[in-house]
Every structure is written in structure tokens, then in C-alpha cells.
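**Q** Before anything else, here's the structure in question.
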Amino acid sequence: MDSLQANIVSGFNELGSDVIYLDKMPWNEDPGQNYWKYAKRPDPSFEDYQAIQKRSKLGANAAYTIFTGGRTIKYRSSSVANAFIMGCTYEYAAIQNLKLTEGRYFSQSEYESGSNKIILGFKLYNELFKGINGVGKEVKLFGQNFQVIGYLESEGDNVFNFMNFDDAMWVSYNSLKKYINVKEESDVGRMLTIKAKPGVEMTEFKGEIASIIRSVRRQRPLEADNFSLNELSMLSQVLDSVFKVLNIAGLIIGIFALIVGMVSVANIMFVSVKERTGIIGIKKALGAKRYIILMEFLIESIILCILGGLIGLILVFVSLWVISMLIPFKMSLSVLNVAIGVGTSIVVGIIAGIIPASQASAMNPVEAIRS
């Protein structure tokens, strides 16, 4: 459960904890419940972006992005069909923190002029150029030449990446709008991203953005918002509730496994006490106190459970290593979970051994020696 949660959280982290995403639909609801209600809402627009850039006092940056698939990009004899293309305003890199392996981002003048410059995702770049340096070379897109000015670092194989940049390509918004109708085409997605200034309270920030968007869209005072302001904390709340249920289910399964283990260890300890009854009698006859006999068998039970716990941890490590090799899913075992495992083994040892140990310590030395 921890590995699954860590993979999902790492995929969400690229969204940014101080970033608001203006969208039709809220992230903390099931899209199917009120789909038609939200589908009727207008998409984020370039006018929304311009208003926020001009009027927001709490925002550090805002970026408007349009994205669409089904495009073919070519370099000589190499081509990639159905490539995913994004056209973003100049501020996008500052908000999403794009990391380039080589090359650079668009310059302000290139953005303003709509120059045919392009940045490629890691996989897309390697599929096109197949091991040669493609930075500075020209590719064909929309039947036009675009100069490759950089490519991104690999996102890796995390299946929970919210946005997989490896298979995408970037051009400037002003460049892309020359080749597609950014306002009317139905297969074009639109996203407005707003980053808060350092130290700004997110509730206050969302209130400011909401008032700006309402005024741009000319909504009446009592009219409900026709947009949603989403942030990472909304996803985290949904995620926490899901994993709370999963962890409870895992705890119940674990308790049953521990009960089976306790019964097994208790049986072993009863047999051990029975086999050593004579020795216990001799020890008590020589002056051994009750607590000495009690601790002897209790420690034996605890050591038995710790050994079992360590064998279990070794099996877990091996299993995680095999799973990580077979699937693109990062599995890990935290130090906290190791400590909990060992601690639980000790508790199980005490519970399983307390009755046999008590019986051994309460034996009459004469009767024990005779048996």
C-alpha cells in the first residue's frame, strides 16, 4: 500500500502544491455523477488567462495551454504518428518546471512572433533521431519546418504520472494557433494554470482568481460558478480516504495472519515446556526464581518470532526486487515498516509465549523432577 501511494503521490507532485488549475470539472468528484452539468460549462479561454495576468495581485504566474493529439511529426525517414502536441504561453516552463536534458526553452521574442520552434519529450526525441543529436535540426509538423531547440529529461516509467511528458512535444501558443483553430476545434483541450506567490494563502488566492474569472465571464452575484478551481490538496484528500479503507482491509488480513502465527508459536512453546519439565524442576530446586523461568521461556518465544519476522522481511525484499524488475512500478520498503514488522514480531512472541512461560514458572520442583 505504501509503494502504491508513493507512486501515485510522486506522479501528482508535478502538479505543484501552490498551483491552481482552472477547469470545467472538479477533481474531488466522480466525473460521471454530474457530467452533463459540468460539460455545459465553457472551457478555460485565452481571455481568462489575459485577465488573470493583468489583474491578479496574489499570482506569480499564469499559463494557458492548448493540447491535441493525432499529429504526425517527421525527421527524414523517421516519423511518429498520433503524436501529442501542446501549445503553451511563455510562462508555462516557470510553473511546471520543465527539465531539459539538452537545449533551451522558447525565448520571449520567439513566443511573441510565433516562431516555428519545438521542444520534444524524451521518448519522442529518441524515436525520431535514433541516437544522433537532434538539437538544432528541423522536423516536419503541419507540413512546415520546425527547429528542435531542446528535449526533456525522461519522466521514467511511473504508470501514475499525471502528465506523461515523454511522448509530448511543445510549441508556443502563438505558433500553434497558426495551424489549428484554437477557439472552435472540439478535439482541442484547454488548460489554465495559475501559480501563487510565495507565502500566499491558497484559500485567499482561490477567492481572488474566482472573482476575476466571474467578472470576465460576466456572471451575476447569485449565479453559481461555471468553472472549478482545482489544486493538489483536493487529490490528496481523495487519495487519503481511499488508502484509509485499503489499509483497514490490510490490517484485518494481517490480524488473522498474526492469530495463526500466535497459535503456532504457542504450540511450539507448550511442547518445549513439556520436554524440559525435568530441567525446570532441577533449576527451581537449585533456587531459580519464578521470574527467571518465566523470562527464559518468554525470551525464547520472542526470539522465535523475531527470526520468523526477519525471514518474512527477507522474503519481502526479494519479492519487491522481482516485482520491480518485471513491471514499471517502483516498490520499496520503508525503515518505519521494517521497525513495525520487527516490533509486531516481539509483541506476538510475548502474547504467544506468556501462557506456556507462566505454566513453566508455576511448576512444583518436586513434581517437575519426578515427571
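The values are calculated or read from the model by the stated rules, or taken from the named source; none is laboratory data. Just so it is clear, the model here is predicted, and its values are computed rather than measured. Note that each Cβ is placed from the backbone with ideal geometry, even for glycine, and that neighbours are counted across all protein chains shown.
**Q** Is there any pair with a first residue in the range 32-49 that is modelled with pLDDT of 80 or more and a second that is outside any helix (DSSP H, G or I) and among the β-branched types (Val, Ile, Thr) whose Cβ atoms are under 8 Å apart and which are 6 or more apart or on different chains, and what are they?
**A** PHE46/VAL182; TYR49/THR89
**Q** Could you list, in sequence order, the residues of the range 54-77 that are of a type in the set (A, V, I, L, M, F, W, C), surrounded by fewer than 20 Cβ atoms within 10 Å (Cβ to Cβ) and under 15 Å from ILE118 (Cα atoms)?
**A** Hit for the range 54-77 is PHE67, nothing else.
**Q** Still on this structure: So in the range 55-70, with the set limited to residues that are in contact with a helix residue (DSSP H, G or I) (Cβ under 9 Å, 6 or more places away or on another chain), outside any loop (DSSP other than H, G, I, E, B) and not hydrophobic (A, V, I, L, M, F, W, C), which one is modelled with the lowest pLDDT?
**A** For the range 55-70, the residue satisfying everything is THR68.
**Q** Does the range 78-102 hold any residues that are in a helix (DSSP H, G or I) and either exposed (fewer than 14 other Cβ atoms within 10 Å of the Cβ) or not assigned by TED's automatic domain parsing to the domain that holds GLU153 (or both), and which are they?
**A** Passing the criteria: only ALA94.
**Q** Another question, if that's okay. Can you name the helices (runs of 4 or more DSSP H) wholly within the range 285-371 that have at least 3 residues being at negative phi and among the aromatic types (Phe, Trp, Tyr)?
**A** Helices (runs of 4 or more DSSP H) meeting the threshold: 290-326.
**Q** To continue, here is another question. Which ones in the range 103-132 are at pLDDT 90 or above, exposed (fewer than 15 other Cβ atoms within 10 Å of the Cβ) and in contact with a strand residue (DSSP E or B) (Cβ under 8 Å, 6 or more places away or on another chain)?
**A** Answer for the range 103-132, where residues must be at pLDDT 90 or above, exposed (fewer than 15 other Cβ atoms within 10 Å of the Cβ) and in contact with a strand residue (DSSP E or B) (Cβ under 8 Å, 6 or more places away or on another chain): just ARG104.
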